[in-house]
Amino acid sequence: MTRDLTGVFSALHAGAKYQKRTRAYNRRDINFTSGITGKYFDASYFVPFPVDDFLDGAKGDLPTTWAIPDPAKFLAAATGKEALLAAPLARGDLRNSYAIGEEILAGYGMADFAFPIGGIAVRGDVGVRYARTRQTSSGYADDGKVALPVSYEKTYDNFLPSLNLVAEFTPKLQMRFAASKVITRPSLADLAPRLTINSSPTVLTAVGGNPELKPFEAWQYDGTVEWYFAPGSALVGGVFYKDITTFVFQQTRDFVLDGQTYRLTAPKNGGDAYVAGIEIAYQQLFKMLPAPFDGLGAQANYTHTETGGTYALATGGTFRDALVDVAKDSFNLTAFYEKERVGARVSYSWRGNVLRDVGGAGLAANNDSAFGSLDFDMSYKVTPNVTFVVQGMNVAGGVQWQYVRDNQFAGYTDYGRTFTAGVRAKF
């Protein structure tokens, strides 16, 4: 809903929103042993590994030829499957099953404004958003003998103000400033009262949820200086800062079940934290070039980020470290051509090392090494409503390597190269 005004405030906006999220997860783990005990499985039960350059480029004497089991053949060899599938959920199955519901009722109000200050045109908006969240987490808690049904309910309110300002010094030079309070609610899986036990007989680990998690809350501030030096071209420099009052991280601690001590990893709220950084962006259309090269253009941006947060120790107390899932450095480079019926874009995006775990109590987390991807997109407009498109992702075959402490190799993810072709049509 919008109402236009006259004067400093040019318009008022108001609205409401209702959102509902649910997730139900019922798990059953079954080990089929009847009919296969002592049976010899020949080569027909296995298929070749579908990657011919597995671990290509890895240092060390690692095997590069692998075989994987054929699940259908192994399942066909087992007997008594029907009775196992029809049996009630076991204690371990119940511990892994859950249902989460979340209802969010929100309303907002915002005012647009504009006024001059000494020849500088200032415009922007100011507003506030209110949200009430009702959350229900149902599952099973294990008392050491049986898994008993439990349910947790929680309702919380958030007032989220925001301010956006633009100061226009000249038509080509302006500054922007933004301040707002934001929240990010935990994932539904993290809110589940669940417990997953590792079945390995040598490494006793477990993964759980936490229905008492609070949302990620932060005040965020952004400022930029923007110079539009030519039509369709700009050079932008900016700074940003997030003052985080609570965040979510994965904590590892000892947990005893059935007389066995497990290393339990579960989400927990951390304390205060910050994210600060600088960013530079450049875009230019080379309209000054002679035809047909006047459709060329380039884009580039670079971001440097520093972080820090207070983490809770499982044994009590706190410590400070960087935040997870944030790269210190990242950049994107893009060259493009857009003229008449033809469009083409080639881009390279790169992200530095990413920390995946803090305070893991000695467990080895697979942190991500720096990774870059080369992509392209080409299109040809046959008619105003029909366009042929060809796209390629990770065409250089970049591989995401993982490492543990002291930069020791932990694993890698090979995304492969992806090529697609298609037609876009508008009716």
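The values are calculated or read from the model by the stated rules, or taken from the named source; none is laboratory data. In this text, all values refer to a predicted model and were calculated from it rather than measured experimentally. Because the Cβ atoms are built from the backbone with ideal geometry, glycine has one as well, and the counts that use them run over all protein chains shown. In case anyone asks, the SASA skips ligands and DNA or RNA and just uses the protein heavy atoms, side chains included. Shrake-Rupley method; radii C 1.70, N 1.55, O 1.52, S 1.80 Å.
What the table shows:
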read-out	value
Some residue of the stretch 196-208 being modelled with pLDDT under 95, outside any loop (DSSP other than H, G, I, E, B), within 23 Å of Arg132 (Cα to Cα) and aliphatic (A, V, I, L, M)	no
Residue that is farthest from the chain's Cα centre (by Cα) [pool: residues in the stretch 368-411 that are part of a strand (DSSP E or B) and among the hydroxyl-bearing types (Ser, Thr, Tyr)]	Thr383
Residue ID - least open to solvent (accessible area, probe 1.4 Å), chosen from residues in the stretch 308-345 that are outside any loop (DSSP other than H, G, I, E, B) and farther than 30 Å from Ser369 by Cβ	Gly343
Breaking point among (1) under 18 Å from Ala167 (Cα atoms); (2) exposed (fewer than 14 other Cβ atoms within 10 Å of the Cβ), for Ala111	(2)
Selection count, the stretch 11-63, where residues are among the hydroxyl-bearing types (Ser, Thr, Tyr), over 30 Å from Ala131 (Cβ atoms) and open to solvent by 80 Å² or more (accessible area, probe 1.4 Å)	3
Among the residues listed as Ala99, Ala131, Ala121, Ala141, the single one being in contact with a Pro (Cβ under 7 Å, 6 or more places away or on another chain) and either surrounded by 13 or more Cβ atoms within 10 Å (Cβ to Cβ) or outside any strand (DSSP E or B) (or both)	Ala141
Residue pairs meeting the criteria (Cβ under 6 Å; at least 6 apart or on separate chains; first farther than 18 Å from Thr136 by Cβ, in the stretch 200-225; second part of a loop (DSSP other than H, G, I, E, B) and open to solvent by less than 20 Å² (accessible area, probe 1.4 Å))	Phe216/Phe247
Which listed residue is touching a strand residue (DSSP E or B) at 6+ places or on another chain (Cβ under 8 Å), open to solvent by 60 Å² or more (accessible area, probe 1.4 Å), modelled with pLDDT under 95 and of a type outside the set (Asp, Glu), from Lys214, Lys242	Lys214
